[in-house]
Amino acid sequence: ALVCEAPHAQRADLLELMERPEEVVPLLPDAELCFTAKAIGLADAGPLLQHASLDQIRTAVDLDAWRGLAPDRAGLAAWLEALAEAGDDKLLEALRGLDRELVVLWLRDAAEVRLKLSDDWDPPDGAMTLEGQYFLLSRRGDEHLELVMRALCIVFQADPPLYFQLVQGAIHESDADCEEYALRWRTG
């Protein structure tokens, strides 16, 4: 109650003073976690998000990474960057728990994914791969591709089927289909 009654900008200071923030953060109402993270600034919200529940993360993304009826790719990227700052485990939890279509849209926005079809195929200059079959080319700059590669590496190690769903989705699914299915899940 003390945290929720405090102005958004002061909540981070209050949480830092607490002995066990890992016990307090999950008790925050889902929307309040979103407002607190935004007040802190997503670039600095990693320590807060480290203790957030998956439901809190889903709600935050739902509240902040949509503009009307369309996913806001920049907003989604900002949340995934903040979750990456919260640590690999939290990033993996979010990638597993968020709507697959949203994650595919984020991946497609940051990188072009190409499949190696034959042994005599040479990847384009600057393409990166984790396993030698799927190659990623940056669409938004190297910093975005670094985060995507980090996220995919974490997923590949922990959940290979999810990794292949994401890279195959980035190749074969259209943005319009992903947006439509994501909207259905959001409004369902």
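The values are calculated or read from the model by the stated rules, or taken from the named source; none is laboratory data. Since we're looking at a predicted model, the values are computed, not measured. No Cβ is skipped: glycine too gets one built from the backbone with ideal geometry, and neighbour counts run over all protein chains shown. Areas reflect the complete protein model, heavy atoms only, side chains present, ligands, DNA and RNA absent. Shrake-Rupley method; radii C 1.70, N 1.55, O 1.52, S 1.80 Å.
Side notes on the structure shown:
- Sorted largest first, extent of region 48-188 alpha carbons per principal axis (Å): 46, 31, 27
- Selection from His144, Ala94, Ile154, by position along the positive dipole direction of region 54-168 (Cβ): Ala94
- Note on Cys153/Asp119: beta-carbon distance plugged into 1/(1 + (r/R0)^6) with R0 of 30 Å gives a FRET efficiency of 0.80.
- Here the chain is treated with +1 on each Lys and Arg Cβ and -1 on each Asp and Glu Cβ, and its dipole about the Cα centre works out to around 320 debye.
- Heavy-atom accessible area with a 1.4 Å probe sorts Lys116, Lys90, largest first, into Lys116, Lys90.
- Carbon and sulfur %, accessible surface of the chain computed with the full protein complex present, 1.4 Å: 50
- Dividing the summed helix terms, -39500 (n - 2.57) for each DSSP H run of n ≥ 4, by the number of residues in the chain produces a 222 nm estimate of -19000 deg cm²/dmol to the nearest 500.
- Rounded to 10°, Cα long-axis angle of helix 160-172 versus longest principal axis of the chain: 70
- Of Met128, Met149, Met18, the order by accessible heavy-atom surface (1.4 Å probe, DNA, RNA and ligands excluded), from most exposed downward, is Met128, Met18, Met149.
- Cα gyration tensor shape for region 1-107, rounded if a/c is under 1.5, else prolate or oblate: prolate
- Accessible area per residue was computed with a 1.4 Å probe on protein heavy atoms; Arg114 scores about 80 Å².
- Given R0 = 30 Å, the distance between the Cβ atoms of Leu130 and Ser53 translates into a calculated FRET efficiency of 0.55.
- Accessible area of Cys4 in the full protein assembly, 1.4 Å probe (Å², nearest 10): 50
- Using R0 = 41 Å, the C-beta based FRET efficiency linking Asp142 and Asp30 works out to 0.75.
- Cα centroid separation, region 21-58 to region 65-106 (Å): 14
- Taking the Cα centre of region 99-188 as origin and assigning +1 to Lys and Arg Cβ atoms and -1 to Asp and Glu Cβ atoms, the resulting dipole is close to 260 debye.
- Candidate residues His51, His8: accessible-area rank, largest first, probe 1.4 Å: His8, His51
- Between 0 and 90°, nearest 10: helix 54-64 axis offset from the chain longest Cα axis: 80
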